[in-house]
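This structure is in C-alpha coordinates; I'll ask about it shortly.
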Amino acid sequence: MSIPATFPAFRIHSDAAGYRSGIESLSIDELAPGEIVIKAAYSSVNYKDALAGTGRGKILRRFPLVGGIDVAGHVVQSRDPAFREGDAVLCTGCGLSETRDGGYAAYARLESRWAIPLPAGLGLREAMVLGTAGFTAGLALLRMQDNHQHPDLGPLAVTGASGGVGSLAVAIFSRAGYTVHAVSGKADQAGWLRSLGAAEVLGREALSTPRPMDSARFGGGLDNVGGPMLHALLAQTAPYGNVATAGLAASPELATSVMPFIIRGVSLIGVASAGTARGQRDEVWRRLSSDWKPAHLEALATREVGLEGLPAVFEDMLAGNSRGRTLVRLP
Ligand SMILES: NC(=O)c1ccc[n+]([C@@H]2O[C@H](COP(=O)([O-])OP(=O)(O)OC[C@H]3O[C@@H](n4cnc5c(N)ncnc54)[C@H](OP(=O)(O)O)[C@@H]3O)[C@@H](O)[C@H]2O)c1
(Lines give C-alpha, C1' and ligand atoms only; values in the text may rest on other atoms or scores of the structure.)
Protein backbone atom coordinates (compact mmCIF):
# COMPACT_ATOMS: atom_id res chain seq x y z
CA MET A 1 0.00 0.00 0.00
CA SER A 2 1.38 3.41 -0.88
CA ILE A 3 1.84 6.03 1.80
CA PRO A 4 0.69 9.57 0.91
CA ALA A 5 3.39 12.25 0.53
CA THR A 6 2.09 13.99 3.66
CA PHE A 7 -0.45 13.13 6.37
CA PRO A 8 -1.82 14.81 9.52
CA ALA A 9 -0.04 14.39 12.86
CA PHE A 10 -0.36 16.00 16.31
CA ARG A 11 3.20 17.15 17.02
CA ILE A 12 4.82 18.62 20.12
CA HIS A 13 7.62 21.24 20.04
CA SER A 14 9.75 22.93 22.66
CA ASP A 15 12.23 25.50 21.40
CA ALA A 16 13.04 29.19 21.53
CA ALA A 17 9.41 29.91 20.57
CA GLY A 18 8.18 27.97 23.65
CA TYR A 19 6.26 24.76 24.31
CA ARG A 20 3.47 24.13 21.81
CA SER A 21 1.54 21.34 20.14
CA GLY A 22 -0.93 21.01 17.29
CA ILE A 23 -1.81 19.39 13.98
CA GLU A 24 0.80 19.50 11.21
CA SER A 25 1.42 17.78 7.88
CA LEU A 26 4.32 15.35 8.04
CA SER A 27 6.02 12.99 5.61
CA ILE A 28 6.99 9.45 6.60
CA ASP A 29 10.71 10.36 6.44
CA GLU A 30 10.22 12.88 9.22
CA LEU A 31 9.27 10.11 11.70
CA ALA A 32 11.80 8.31 13.92
CA PRO A 33 13.26 5.23 12.19
CA GLY A 34 11.75 1.77 12.58
CA GLU A 35 11.25 -1.48 10.69
CA ILE A 36 7.50 -1.26 10.19
CA VAL A 37 5.05 1.43 9.12
CA ILE A 38 1.41 1.12 10.11
CA LYS A 39 -1.73 2.88 8.91
CA ALA A 40 -2.92 3.87 12.34
CA ALA A 41 -6.59 3.31 13.16
CA TYR A 42 -6.89 4.32 16.83
CA SER A 43 -4.88 5.78 19.66
CA SER A 44 -6.09 6.82 23.12
CA VAL A 45 -5.57 9.54 25.72
CA ASN A 46 -3.68 8.68 28.90
CA TYR A 47 -2.72 11.03 31.74
CA LYS A 48 0.84 10.99 30.42
CA ASP A 49 -0.43 12.16 26.99
CA ALA A 50 -2.12 15.11 28.69
CA LEU A 51 1.11 16.00 30.53
CA ALA A 52 3.11 15.66 27.30
CA GLY A 53 0.66 17.57 25.10
CA THR A 54 0.39 20.53 27.45
CA GLY A 55 3.99 20.58 28.71
CA ARG A 56 2.78 20.28 32.31
CA GLY A 57 4.90 17.17 32.82
CA LYS A 58 8.40 16.43 31.56
CA ILE A 59 7.56 13.48 29.33
CA LEU A 60 9.33 14.08 25.99
CA ARG A 61 13.08 13.59 26.04
CA ARG A 62 13.61 15.05 22.58
CA PHE A 63 11.74 17.52 20.37
CA PRO A 64 9.81 17.73 18.17
CA LEU A 65 7.88 14.46 18.44
CA VAL A 66 4.46 13.23 17.43
CA GLY A 67 2.40 12.72 20.63
CA GLY A 68 0.47 9.61 21.68
CA ILE A 69 1.88 6.76 23.78
CA ASP A 70 -0.55 4.20 22.29
CA VAL A 71 -1.37 3.13 18.73
CA ALA A 72 -3.05 0.28 16.84
CA GLY A 73 -3.35 -0.25 13.11
CA HIS A 74 -2.41 -2.32 10.06
CA VAL A 75 1.10 -2.82 8.71
CA VAL A 76 1.61 -1.12 5.32
CA GLN A 77 5.40 -1.57 5.04
CA SER A 78 7.77 -3.97 6.77
CA ARG A 79 11.51 -4.61 6.69
CA ASP A 80 11.08 -7.37 9.32
CA PRO A 81 10.02 -10.79 7.98
CA ALA A 82 8.01 -11.35 11.19
CA PHE A 83 5.47 -8.75 9.97
CA ARG A 84 3.61 -8.63 6.66
CA GLU A 85 1.47 -6.00 4.98
CA GLY A 86 -2.06 -6.18 6.38
CA ASP A 87 -1.04 -7.56 9.82
CA ALA A 88 -2.89 -5.90 12.71
CA VAL A 89 -0.58 -4.69 15.50
CA LEU A 90 -0.64 -2.60 18.66
CA CYS A 91 2.06 -0.75 20.55
CA THR A 92 1.87 0.92 23.99
CA GLY A 93 4.66 2.82 25.73
CA CYS A 94 8.07 1.62 24.48
CA GLY A 95 9.33 5.17 23.94
CA LEU A 96 6.32 6.44 21.94
CA SER A 97 5.97 10.19 22.58
CA GLU A 98 9.03 10.06 24.86
CA THR A 99 12.04 9.29 22.70
CA ARG A 100 10.32 8.55 19.36
CA ASP A 101 7.27 9.65 17.41
CA GLY A 102 4.00 8.37 18.83
CA GLY A 103 0.53 7.37 17.74
CA TYR A 104 -1.30 10.67 17.13
CA ALA A 105 -0.89 10.51 13.34
CA ALA A 106 -2.38 8.81 10.30
CA TYR A 107 0.81 6.71 9.99
CA ALA A 108 3.25 5.48 12.64
CA ARG A 109 6.72 4.05 12.14
CA LEU A 110 7.54 1.49 14.85
CA GLU A 111 10.46 -0.62 16.02
CA SER A 112 9.25 -4.15 15.23
CA ARG A 113 10.66 -5.52 18.52
CA TRP A 114 7.95 -3.56 20.38
CA ALA A 115 5.03 -4.16 17.99
CA ILE A 116 2.58 -6.72 19.40
CA PRO A 117 0.61 -8.77 16.84
CA LEU A 118 -3.03 -8.07 17.70
CA PRO A 119 -4.12 -11.01 19.89
CA ALA A 120 -6.94 -13.14 18.43
CA GLY A 121 -9.48 -12.06 21.06
CA LEU A 122 -9.15 -8.31 20.42
CA GLY A 123 -10.16 -5.81 17.72
CA LEU A 124 -8.05 -2.68 16.99
CA ARG A 125 -10.60 -0.46 18.70
CA GLU A 126 -10.78 -2.75 21.74
CA ALA A 127 -6.98 -2.78 21.94
CA MET A 128 -7.01 0.99 22.30
CA VAL A 129 -9.90 1.04 24.79
CA LEU A 130 -7.43 -0.99 26.85
CA GLY A 131 -4.23 0.81 25.69
CA THR A 132 -1.64 1.81 28.27
CA ALA A 133 -4.37 2.08 30.92
CA GLY A 134 -5.54 -1.52 30.54
CA PHE A 135 -1.98 -2.76 30.11
CA THR A 136 -1.00 -1.03 33.37
CA ALA A 137 -3.92 -2.53 35.30
CA GLY A 138 -3.12 -5.97 33.84
CA LEU A 139 0.59 -5.63 34.62
CA ALA A 140 -0.25 -4.66 38.21
CA LEU A 141 -2.38 -7.78 38.61
CA LEU A 142 0.26 -10.00 37.01
CA ARG A 143 2.93 -8.66 39.37
CA MET A 144 0.65 -8.95 42.42
CA GLN A 145 -0.24 -12.54 41.55
CA ASP A 146 3.43 -13.35 40.98
CA ASN A 147 3.78 -12.30 44.63
CA HIS A 148 0.95 -14.64 45.72
CA GLN A 149 -2.05 -12.30 45.65
CA HIS A 150 -5.23 -14.40 45.87
CA PRO A 151 -8.94 -13.55 46.14
CA ASP A 152 -9.03 -15.24 49.58
CA LEU A 153 -6.79 -12.47 51.00
CA GLY A 154 -9.72 -10.03 50.72
CA PRO A 155 -11.07 -7.38 48.35
CA LEU A 156 -8.76 -5.34 46.13
CA ALA A 157 -9.12 -1.57 46.46
CA VAL A 158 -8.69 0.59 43.33
CA THR A 159 -8.08 4.32 43.83
CA GLY A 160 -8.78 6.92 41.13
CA ALA A 161 -11.39 4.38 40.08
CA SER A 162 -13.26 6.52 37.57
CA GLY A 163 -10.07 7.23 35.56
CA GLY A 164 -8.66 5.19 32.69
CA VAL A 165 -6.36 2.89 34.69
CA GLY A 166 -8.82 2.81 37.59
CA SER A 167 -11.94 1.87 35.64
CA LEU A 168 -10.06 -0.79 33.69
CA ALA A 169 -8.59 -2.18 36.91
CA VAL A 170 -12.11 -2.45 38.36
CA ALA A 171 -13.24 -4.40 35.29
CA ILE A 172 -10.09 -6.56 34.94
CA PHE A 173 -9.71 -7.46 38.63
CA SER A 174 -13.36 -8.44 38.93
CA ARG A 175 -13.11 -10.51 35.73
CA ALA A 176 -10.07 -12.24 37.27
CA GLY A 177 -12.19 -13.34 40.25
CA TYR A 178 -11.44 -10.64 42.85
CA THR A 179 -13.96 -8.66 44.87
CA VAL A 180 -13.23 -5.02 43.98
CA HIS A 181 -13.78 -1.93 46.12
CA ALA A 182 -13.63 1.16 43.92
CA VAL A 183 -12.44 4.39 45.60
CA SER A 184 -13.60 7.47 43.73
CA GLY A 185 -14.12 11.19 44.26
CA LYS A 186 -17.09 11.08 41.88
CA ALA A 187 -20.15 9.93 43.85
CA ASP A 188 -22.28 10.25 40.70
CA GLN A 189 -20.23 7.50 39.02
CA ALA A 190 -20.99 4.83 41.66
CA GLY A 191 -23.62 3.11 39.48
CA TRP A 192 -21.27 3.05 36.49
CA LEU A 193 -18.41 1.63 38.62
CA ARG A 194 -20.75 -1.09 39.93
CA SER A 195 -21.76 -1.93 36.36
CA LEU A 196 -18.04 -2.46 35.57
CA GLY A 197 -17.67 -4.96 38.42
CA ALA A 198 -17.16 -3.01 41.68
CA ALA A 199 -18.81 -4.72 44.65
CA GLU A 200 -18.52 -1.50 46.69
CA VAL A 201 -17.84 2.14 45.85
CA LEU A 202 -16.15 4.24 48.54
CA GLY A 203 -15.59 8.00 48.66
CA ARG A 204 -11.96 9.17 48.90
CA GLU A 205 -12.44 10.17 52.56
CA ALA A 206 -13.66 6.65 53.47
CA LEU A 207 -10.16 5.33 52.83
CA SER A 208 -8.23 7.93 54.77
CA THR A 209 -6.42 7.11 58.01
CA PRO A 210 -3.62 8.93 59.84
CA ARG A 211 -2.53 5.72 61.65
CA PRO A 212 0.60 3.80 60.58
CA MET A 213 -1.57 0.64 60.62
CA ASP A 214 -5.33 0.29 60.78
CA SER A 215 -7.88 -2.54 60.47
CA ALA A 216 -7.00 -4.79 57.54
CA ARG A 217 -9.93 -4.08 55.22
CA PHE A 218 -8.33 -5.04 51.92
CA GLY A 219 -6.38 -7.95 50.50
CA GLY A 220 -4.37 -5.32 48.59
CA GLY A 221 -5.02 -2.91 45.77
CA LEU A 222 -3.89 -0.64 42.98
CA ASP A 223 -3.19 3.02 43.68
CA ASN A 224 -3.36 5.60 40.91
CA VAL A 225 -3.18 8.77 42.97
CA GLY A 226 -0.20 8.64 45.39
CA GLY A 227 0.20 10.70 48.60
CA PRO A 228 -2.05 10.06 51.65
CA MET A 229 -4.25 7.63 49.73
CA LEU A 230 -1.38 5.26 49.02
CA HIS A 231 -0.37 5.47 52.68
CA ALA A 232 -3.97 4.67 53.72
CA LEU A 233 -4.11 1.66 51.43
CA LEU A 234 -0.85 0.26 52.80
CA ALA A 235 -2.08 0.80 56.38
CA GLN A 236 -5.29 -1.16 55.74
CA THR A 237 -3.90 -4.11 53.77
CA ALA A 238 -4.11 -7.64 55.18
CA PRO A 239 -1.04 -9.77 56.02
CA TYR A 240 0.99 -10.63 52.92
CA GLY A 241 -1.24 -8.58 50.65
CA ASN A 242 0.20 -6.53 47.77
CA VAL A 243 -0.32 -2.87 46.97
CA ALA A 244 0.66 -1.86 43.44
CA THR A 245 1.57 1.78 42.87
CA ALA A 246 0.99 3.10 39.36
CA GLY A 247 0.12 6.79 39.55
CA LEU A 248 0.46 10.26 41.03
CA ALA A 249 -2.83 11.93 40.03
CA ALA A 250 -2.92 13.55 43.52
CA SER A 251 0.75 13.57 44.56
CA PRO A 252 4.17 12.07 43.82
CA GLU A 253 4.94 12.08 47.57
CA LEU A 254 4.65 9.13 49.94
CA ALA A 255 4.87 9.67 53.70
CA THR A 256 4.20 6.39 55.45
CA SER A 257 5.49 3.97 58.07
CA VAL A 258 7.39 0.70 57.86
CA MET A 259 4.78 -0.95 60.12
CA PRO A 260 2.63 -2.62 57.40
CA PHE A 261 5.80 -4.05 55.85
CA ILE A 262 7.44 -5.41 59.00
CA ILE A 263 4.33 -6.41 60.99
CA ARG A 264 2.05 -7.64 58.22
CA GLY A 265 4.50 -8.53 55.45
CA VAL A 266 2.66 -6.20 53.06
CA SER A 267 4.47 -5.63 49.74
CA LEU A 268 4.57 -2.40 47.74
CA ILE A 269 4.92 -3.24 44.06
CA GLY A 270 6.00 -0.75 41.40
CA VAL A 271 4.27 -0.74 38.04
CA ALA A 272 6.12 0.89 35.12
CA SER A 273 4.23 0.08 31.95
CA ALA A 274 6.40 1.95 29.45
CA GLY A 275 9.55 -0.12 30.02
CA THR A 276 8.07 -3.60 30.53
CA ALA A 277 10.18 -6.40 29.02
CA ARG A 278 8.82 -8.17 25.96
CA GLY A 279 8.02 -11.51 27.66
CA GLN A 280 5.95 -9.90 30.41
CA ARG A 281 4.35 -7.59 27.85
CA ASP A 282 3.21 -10.55 25.73
CA GLU A 283 1.82 -12.31 28.80
CA VAL A 284 -0.24 -9.27 29.89
CA TRP A 285 -1.74 -8.88 26.38
CA ARG A 286 -2.47 -12.62 26.25
CA ARG A 287 -4.45 -12.35 29.49
CA LEU A 288 -6.17 -9.08 28.47
CA SER A 289 -7.42 -10.71 25.28
CA SER A 290 -8.65 -13.88 27.01
CA ASP A 291 -9.52 -14.63 30.64
CA TRP A 292 -8.97 -11.04 31.89
CA LYS A 293 -10.76 -9.33 29.00
CA PRO A 294 -13.37 -7.02 30.55
CA ALA A 295 -16.92 -7.96 29.64
CA HIS A 296 -17.85 -4.28 29.23
CA LEU A 297 -15.03 -2.83 27.13
CA GLU A 298 -17.36 -0.66 25.06
CA ALA A 299 -18.88 0.81 28.25
CA LEU A 300 -15.36 1.99 29.15
CA ALA A 301 -14.96 3.93 25.88
CA THR A 302 -16.77 7.01 27.13
CA ARG A 303 -15.43 9.51 24.59
CA GLU A 304 -14.05 9.47 21.04
CA VAL A 305 -12.23 12.40 19.41
CA GLY A 306 -10.19 13.25 16.31
CA LEU A 307 -6.76 14.91 16.52
CA GLU A 308 -8.43 18.34 16.70
CA GLY A 309 -10.20 17.32 19.93
CA LEU A 310 -7.00 16.51 21.86
CA PRO A 311 -6.23 19.87 23.55
CA ALA A 312 -9.67 20.04 25.21
CA VAL A 313 -9.40 16.42 26.43
CA PHE A 314 -5.93 17.12 27.91
CA GLU A 315 -7.28 20.03 29.97
CA ASP A 316 -10.29 18.04 31.15
CA MET A 317 -8.09 15.14 32.22
CA LEU A 318 -5.58 17.27 34.12
CA ALA A 319 -8.51 18.89 35.95
CA GLY A 320 -9.36 15.40 37.37
CA ASN A 321 -12.54 15.03 35.29
CA SER A 322 -11.70 11.71 33.62
CA ARG A 323 -14.29 8.99 33.35
CA GLY A 324 -13.23 5.82 31.55
CA ARG A 325 -11.25 6.00 28.35
CA THR A 326 -10.96 8.50 25.49
CA LEU A 327 -10.34 6.93 22.09
CA VAL A 328 -8.57 8.89 19.38
CA ARG A 329 -9.86 8.17 15.86
CA LEU A 330 -7.00 8.65 13.41
CA PRO A 331 -7.46 10.28 9.99
N1 LIG B 1 3.02 3.52 36.11
C2 LIG B 1 2.54 3.42 34.90
O3 LIG B 1 3.02 2.67 34.08
C4 LIG B 1 1.34 4.23 34.54
C5 LIG B 1 0.58 3.93 33.40
C6 LIG B 1 -0.59 4.67 33.17
C7 LIG B 1 -0.94 5.71 34.04
N8 LIG B 1 -0.13 5.99 35.09
C9 LIG B 1 -0.48 7.03 36.06
O10 LIG B 1 -1.69 6.62 36.71
C11 LIG B 1 -2.48 7.77 37.01
C12 LIG B 1 -3.85 7.60 36.35
O13 LIG B 1 -3.70 7.64 34.94
P14 LIG B 1 -4.98 7.65 34.01
O15 LIG B 1 -4.50 7.67 32.60
O16 LIG B 1 -5.91 6.60 34.47
O17 LIG B 1 -5.57 9.10 34.38
P18 LIG B 1 -7.08 9.58 34.48
O19 LIG B 1 -7.92 8.83 33.50
O20 LIG B 1 -7.06 11.07 34.41
O21 LIG B 1 -7.54 9.13 35.95
C22 LIG B 1 -7.06 9.74 37.12
C23 LIG B 1 -8.09 9.58 38.24
O24 LIG B 1 -7.44 9.89 39.47
C25 LIG B 1 -8.37 10.48 40.37
N26 LIG B 1 -7.84 11.78 40.81
C27 LIG B 1 -7.52 12.83 40.03
N28 LIG B 1 -7.07 13.85 40.78
C29 LIG B 1 -7.10 13.42 42.05
C30 LIG B 1 -6.75 14.00 43.31
N31 LIG B 1 -6.27 15.25 43.39
N32 LIG B 1 -6.89 13.26 44.43
C33 LIG B 1 -7.36 11.99 44.35
N34 LIG B 1 -7.73 11.40 43.19
C35 LIG B 1 -7.57 12.10 42.06
C36 LIG B 1 -9.68 10.65 39.61
O37 LIG B 1 -10.50 9.52 39.94
P38 LIG B 1 -11.74 9.61 40.97
O39 LIG B 1 -12.42 10.92 40.69
O40 LIG B 1 -12.56 8.42 40.61
O41 LIG B 1 -11.19 9.57 42.36
C42 LIG B 1 -9.24 10.56 38.15
O43 LIG B 1 -10.31 10.11 37.34
C44 LIG B 1 -1.69 8.99 36.51
O45 LIG B 1 -0.93 9.52 37.56
C46 LIG B 1 -0.77 8.39 35.45
O47 LIG B 1 0.40 9.16 35.27
C48 LIG B 1 0.98 5.28 35.35
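The values are calculated or read from the model by the stated rules, or taken from the named source; none is laboratory data. Remember, predicted model here, so these are calculated numbers, not experimental data. Please note: Cβ atoms are built from the backbone with ideal geometry, for glycine as well, and neighbour counts cover all protein chains shown.
How many residues does region 158-173 hold that are of a type in the set (A, V, I, L, M), closer than 19 Å to I69 by Cβ and near the ligand (Cβ under 7 Å from one of its atoms)?
1
Say whether the condition of being modelled with pLDDT of 95 or more, surrounded by 16 or more Cβ atoms within 10 Å (Cβ to Cβ) and under 14 Å from G154 (Cβ atoms) is met by at least one residue in region 250-257.
no
Here is a follow-up. Return yes when P252 is touching a residue at least 40 places away in the same chain (Cβ under 8 Å) and either assigned by TED's automatic domain parsing to the domain that holds S167 or assigned to a strand (DSSP E or B) (or both) and no when it is not.
Answer is no for this residue.
Could you tell me which residue of region 279-304 is farthest from the chain's Cα centre (by Cα), considering only residues that are within 19 Å of R143 (Cβ to Cβ) and among the acidic types (D, E)?
The extreme case among them is D291.
Would it be correct to say that S162 is of a type outside the set (D, E, K, R), within 15 Å of the chain's Cα centre (by Cα) and buried (at least 24 other Cβ atoms within 10 Å of the Cβ)?
yes
Which one of these is within 16 Å of the ligand (Cβ to nearest atom), crowded, with 19+ Cβ neighbours inside 10 Å and in a helix (DSSP H, G or I): R323, R281?
Residue meeting the stated conditions: R281.
State all residues of region 307-320 that are more than 11 Å from N46 (Cβ to Cβ) and near the ligand (Cβ under 8 Å from one of its atoms); if no residue qualifies, say none.
The answer is L318, G320.
Could you figure out which of (1) over 17 Å from the mean Cα position of the chain (by Cα); (2) more than 22 Å from G270 (Cβ to Cβ); (3) within 13 Å of the ligand (Cβ to nearest atom) isn't true of V129?
If we test V129 against (1) over 17 Å from the mean Cα position of the chain (by Cα); (2) more than 22 Å from G270 (Cβ to Cβ); (3) within 13 Å of the ligand (Cβ to nearest atom), just (1) comes out false.
State all residues of region 284-320 that are of a type outside the set (D, E, K, R), part of a helix (DSSP H, G or I) and over 21 Å from L122 (Cα atoms); if no residue qualifies, say none.
Selection gives L307, G309, L310, P311, A312, V313, F314, M317, L318.
So which strands (runs of 3 or more DSSP E) are wholly in region 1-80 and hold at least 2 residues that are of a type in the set (S, T, N, Q)?
Fully inside region 1-80 and qualifying: 18-26, 36-45, 70-78.
Restricting attention to region 191-222, report how many residues are farther than 27 Å from I262 by Cα and either part of a strand (DSSP E or B) or over 21 Å from the mean Cα position of the chain (by Cα) (or both).
7
Show the residue pairs meeting these rules: Cβ distance below 7 Å; 6+ apart or different chains; first residue within region 1-19 and within 23 Å of G309 (Cα to Cα) and free of Cβ contacts under 8 Å to residues at least 40 places away in the same chain; second residue of a type outside the set (S, T, Y) and not in a loop (DSSP other than H, G, I, E, B).
T6/L26
Looking at A246, A182, A187, A274 in this structure, which one is under 28 Å from F314 (Cα atoms), within 16 Å of the ligand (Cβ to nearest atom) and modelled with pLDDT under 95?
Answer to the check: A274.
So I269 ticks every box in (1) over 26 Å from S43 (Cβ atoms); (2) within 16 Å of the ligand (Cβ to nearest atom); (3) in contact with a Ser or Thr (Cβ under 6 Å, 6 or more places away or on another chain) but one. Which box is left unticked?
(3)
Given the conditions (1) in contact with a Phe, Trp or Tyr (Cβ under 6 Å, 6 or more places away or on another chain); (2) aliphatic (A, V, I, L, M); (3) more than 17 Å from M317 (Cβ to Cβ), and given that A50 satisfies all but one, which numbered condition is not satisfied?
For A50, the exception is condition (3).
A further question follows. Looking only at region 256-275, how many residues end up being at negative phi, over 25 Å from the mean Cα position of the chain (by Cα) and of a type outside the set (D, E, K, R)?
8
Let me ask another. How many residues are away from the ligand (no atom under 13 Å from the Cβ) and either closer than 25 Å to E98 by Cα or at pLDDT 95 or above (or both) when one looks only at region 284-300?
Within region 284-300, residues that are away from the ligand (no atom under 13 Å from the Cβ) and either closer than 25 Å to E98 by Cα or at pLDDT 95 or above (or both) number 10.
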